[in-house]
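What follows is a set of notes on a single structure, which appears directly below.
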Amino acid sequence: MRIAVFGAGAIGGFLAARLVEAGAEVSLIARGPHLKALRRHGLRLESDEFGSSRYDVMATGDPRKVGVVDYLILGVKANALTAIAPLCEPLMGDKTAVVSLQNGLPWWYFHGIEADEAPLESVDPGGVIARHLPPERAIGGIAYISAAIAKPGVIRHTQGARFPLGEPSGGRSARSKAFSQALIAGGVKAPIRGDVRHEIWVKLMGNAIFNPLSALTRKTMRDMVEFPETRELIRRCMEEARETAAATGVQIAFSTDRRIEGARQAGDHRTSMLQDVEAGRTPELEPLTGAVVELAVRKNVETPSLFAVYSAAKSAFAE
């Protein structure tokens, strides 16, 4: 099994290490100091669950040096996909599957359910991603993991190793089963879901509000849900996300109170958007929150609370 990981950051690097352990041939596409370290010293995974190991893997900044693969794992953030999608062409053969692990609504969301639905501009501006990474190639994935780049070439994994997968069209295809089995062989939990969109919404109903609100308030997950006013705002936004999901045929099984309690148990976790803003990186506002707001408008769902938080964050983080 030949696999390319485009974006060998925390999640991509972790998966690469586990897939090498499973016997796959893995190539990493990276850049900057991280790429230099990968070339000089290999990939190092330091994990509370799997221990510390080093892996000799091919690392390059040029996808043409990798060639056609069986699976392309997209390890970049959602707001980077427009830029990298055109660069993926050398990796794509007739049967190459694309595994998406981005937070938010994916570019392939409407594939197989609403054929005439236009792409969301907040997710795929101008349809660039879909042109270069056709939705029928996609295997949906959701990452439940806590990991970070400790230093160039080194991934620090603290907890979580669950990556539910699913075909946009449903069912258990041969390609999704083979990829799931490879992850499982590497010690990763990778169940195949019959309705991957439900799994996406379970995570997104929290991410759509927790991320921008934390970036605006500079508060942790526990801080936000234990402060009465922000807890109520979170509850309202989650209910609006739930209604938006329902408008596309997804009934979220998790209660809002259960989702909030899960956030409280996360303790002093700082969301990825808060970390991005503090580090001076562009936040993933559009694919996480903007996409829900845009989809709600399209489906005639009222989202006053979520729109207010989105608008404030968009103004605060405008470049």
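The values are calculated or read from the model by the stated rules, or taken from the named source; none is laboratory data. Here the structure is a predicted model, which is why all the values come from computation and not from measurement. For neighbour counting, all protein chains shown are included, and Cβ atoms are generated from backbone atoms with ideal geometry for every residue, glycine included.
Taking the stated definitions as given, is Ser311 assigned to a helix (DSSP H, G or I), among the hydroxyl-bearing types (Ser, Thr, Tyr), farther than 18 Å from Gly104 by Cβ and modelled with pLDDT of 95 or more?
Values: assigned to a helix (DSSP H, G or I): yes; among the hydroxyl-bearing types (Ser, Thr, Tyr): yes; farther than 18 Å from Gly104 by Cβ: no; modelled with pLDDT of 95 or more: yes.
Judged against the criteria, Ser311 is not a match.
Would you confirm, using the coordinates I've provided, whether Pro164 is outside the structural domain of Thr60 (by TED's automatic domain parsing) and either within 20 Å of Pro134 (Cα to Cα) or within 19 Å of the chain's Cα centre (by Cα) (or both)? Give the steps one after another, and end with the answer.
Numbers: outside the structural domain of Thr60 (by TED's automatic domain parsing): no; either within 20 Å of Pro134 (Cα to Cα) or within 19 Å of the chain's Cα centre (by Cα) (or both): yes.
Answer is no for this residue.
Listed here are the residues, each with its yes/no results for (1) surrounded by fewer than 23 Cβ atoms within 10 Å (Cβ to Cβ); (2) among the β-branched types (Val, Ile, Thr); (3) part of a helix (DSSP H, G or I); (4) not assigned by TED's automatic domain parsing to the domain that holds Gln159.
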| position | (1), (2), (3), (4) |
| --- | --- |
| Met205 | no, no, yes, yes |
| Ala215 | no, no, yes, yes |
| Gly280 | yes, no, no, yes |
| Thr289 | no, yes, yes, yes |
| Glu302 | yes, no, no, yes |
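Glu121 passes all but one of (1) surrounded by 14 or more Cβ atoms within 10 Å (Cβ to Cβ); (2) farther than 18 Å from Ala190 by Cβ; which number fails?
(1)
Has the stretch 264-273 got any residue that is at pLDDT below 95, in a helix (DSSP H, G or I) and buried (at least 22 other Cβ atoms within 10 Å of the Cβ)?
Here is the first cut: in the stretch 264-273, the residues at pLDDT below 95 are 264-273.
Of the ones still in play, those that are also in a helix (DSSP H, G or I) are 264-265, 272-273.
Still in the list and also buried (at least 22 other Cβ atoms within 10 Å of the Cβ): 273.
Within the stretch 264-273 (the criterion being at pLDDT below 95, in a helix (DSSP H, G or I) and buried (at least 22 other Cβ atoms within 10 Å of the Cβ)), the answer is yes, since at least one residue qualifies.
Any chance you could count how many residues in the stretch 91-118 are out of contact with any strand residue (DSSP E or B) (no Cβ under 6 Å at 6 or more places or on another chain), more than 22 Å from Pro63 (Cα to Cα), surrounded by 13 or more Cβ atoms within 10 Å (Cβ to Cβ) and not hydrophobic (A, V, I, L, M, F, W, C)?
The total comes to 6.
Report yes if some residue within the stretch 41-48 is modelled with pLDDT under 95, surrounded by fewer than 23 Cβ atoms within 10 Å (Cβ to Cβ), touching a strand residue (DSSP E or B) at 6+ places or on another chain (Cβ under 8 Å) and acidic (Asp, Glu); otherwise report no.
Within the stretch 41-48, one or more residues are modelled with pLDDT under 95, surrounded by fewer than 23 Cβ atoms within 10 Å (Cβ to Cβ), touching a strand residue (DSSP E or B) at 6+ places or on another chain (Cβ under 8 Å) and acidic (Asp, Glu).
Take Pro168 and decide whether it is out of contact with any Ser or Thr (no Cβ under 8 Å at 6 or more places or on another chain), of a type outside the set (Lys, Arg) and surrounded by fewer than 23 Cβ atoms within 10 Å (Cβ to Cβ). Steps first, answer last, please.
Working: out of contact with any Ser or Thr (no Cβ under 8 Å at 6 or more places or on another chain): yes; of a type outside the set (Lys, Arg): yes; surrounded by fewer than 23 Cβ atoms within 10 Å (Cβ to Cβ): yes.
Answer is yes for this residue.
Assess whether Ala80 counts as being in the same structural domain as Ala24 (by TED's automatic domain parsing) and within 18 Å of the chain's Cα centre (by Cα). Full working, then the answer.
Numbers: in the same structural domain as Ala24 (by TED's automatic domain parsing): yes; within 18 Å of the chain's Cα centre (by Cα): yes.
Against the criterion (in the same structural domain as Ala24 (by TED's automatic domain parsing) and within 18 Å of the chain's Cα centre (by Cα)), Ala80 qualifies.
Taking the condition in contact with a Phe, Trp or Tyr (Cβ under 6 Å, 6 or more places away or on another chain) and of a type outside the set (Phe, Trp, Tyr), does Ala150 pass?
On the way: in contact with a Phe, Trp or Tyr (Cβ under 6 Å, 6 or more places away or on another chain): no; of a type outside the set (Phe, Trp, Tyr): yes.
For Ala150, the condition - in contact with a Phe, Trp or Tyr (Cβ under 6 Å, 6 or more places away or on another chain) and of a type outside the set (Phe, Trp, Tyr) - is not met.
If the requirement is being charged (D, E, K, R) and either modelled with pLDDT under 95 or on the phi > 0 side of the Ramachandran plot (or both), which of these qualifies: Arg231, Arg222? If you could, list the steps in order and put the result at the bottom.
Working: Arg231 fails: either modelled with pLDDT under 95 or on the phi > 0 side of the Ramachandran plot (or both).
Only one candidate qualifies: Arg222.
More than 25 Å from Lys151 (Cα to Cα) and without any contact (Cβ under 8 Å) to a residue 24 or more places away in the chain: is that true of Asp94 in this structure? Reasoning before the result, please.
Working: more than 25 Å from Lys151 (Cα to Cα): yes; without any contact (Cβ under 8 Å) to a residue 24 or more places away in the chain: yes.
When the stated conditions are applied, Asp94 passes them.
Does Glu240 count as surrounded by 14 or more Cβ atoms within 10 Å (Cβ to Cβ) and in a helix (DSSP H, G or I)? Step through it out loud before you land on a result.
On the way: surrounded by 14 or more Cβ atoms within 10 Å (Cβ to Cβ): yes; in a helix (DSSP H, G or I): yes.
The answer is yes for Glu240.
Might you check whether a residue that is of a type outside the set (Lys, Arg), at positive phi and over 21 Å from the mean Cα position of the chain (by Cα) occurs anywhere in the stretch 240-249? First the steps, then the outcome.
If we filter the stretch 240-249 for residues that are of a type outside the set (Lys, Arg), which is where we start, we get 240-241, 243-249.
Now restrict to residues that are at positive phi: 249.
Next, from what is left, pick out any that are over 21 Å from the mean Cα position of the chain (by Cα): 249.
Yes - at least one qualifying residue is present in the stretch 240-249.
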